[in-house]
Amino acid sequence: MSKNPIPTEINLSQKERLLKVSFDDGAEFELPCEYLRVNSPSAEVQGHGPGQGVLQLDKQDVNIIGIEPVGSYAVLLRFDDDHDTGIYAWDTLYKLGANYDENWADYLKRLEEAGHKRKQPKPYVPPLSVK
């Protein structure tokens, strides 16, 4: 990981429910919306201190509906379940990408330990356009 990775490109595929992020050191990550939602850096998800995080359930169908820049250091991701308080700094996005396998396995383990099963995502249905 470079000292201060900076995205060179951020693309959202709502159909695939993926945020694709390329960094200036050549790293590229495809981050599922569900993964980003359950690992939101918001206090609502992480809590206000160590051990206060809240396990996020039934987020397999969540999608990102908006991406807003926050200064020159982060983006705010707006999800279709009304979650919009997570500010994803560049280093947070990079760490989420670099540690995807470990983080996802940990999330699935915590779900299982809490007695929950992850449902399969529903197929993507694009929003209806009104003319």
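Put simply, the C-alpha atoms of the chain give a gyration tensor, and the ellipsoid matching it has half-axes of 22, 21, 15 Å, longest first.
Sorted ascending by nearby beta carbons within 10 Å, beginning with the fewest, H83, H116 become H116, H83. Within the set of other residues whose C-beta is less than 12 Å from the C-beta of H116, count the net charge using Lys and Arg as +1 and Asp and Glu as -1. Every neighbour counted, the sum reads +3.
Relative protection proxy for 48-57, 71-80, from highest mean packing down: 71-80, 48-57 (other beta-carbon atoms within 10 angstrom).
Summing charges over all other residues whose Cβ lies under 9 Å from the Cβ of S13, with Lys and Arg as +1 and Asp and Glu as -1, gives +1. Each label was represented as a point 7 Å from its Cα along the Cα-to-Cβ direction; for E68 and T8 these points are 2.9 nm apart. Take K119, project a point 7 Å from its Cα along the Cβ direction, then tell me which residues of the range 22-49 have their backbone nitrogen under 18 Å from it. Hits in the range 22-49 for K119 at 18 Å: 33-35, 37-38.
Sorted ascending by nearby beta carbons within 10 Å, beginning with the fewest, V62, V70 become V70, V62. Put simply, the amide H of V54, placed in the peptide plane, has neighbours under 5 Å in Q46, G47, leaving out anything fewer than 5 places away on its chain.
Which net charge results when you count Lys and Arg as +1 and Asp and Glu as -1 among the other residues whose beta-carbon is under 13 Å from that of E68?
Around E68, the surrounding residues sum to 0.
Run the count for the chain, please: Lys pairs, Cα-Cα under 21 angstrom, 8 or more apart or on different chains. For the chain, the number of qualifying lysine pairs is 16.
Every number here is computed from the coordinates shown, using simple stated rules; none is lab data. Computed from a predicted model, the values in this text were never measured in an experiment. As a convention, Cβ positions derive from the backbone with ideal geometry for all residues, glycine included, and neighbour counts pool all protein chains shown.
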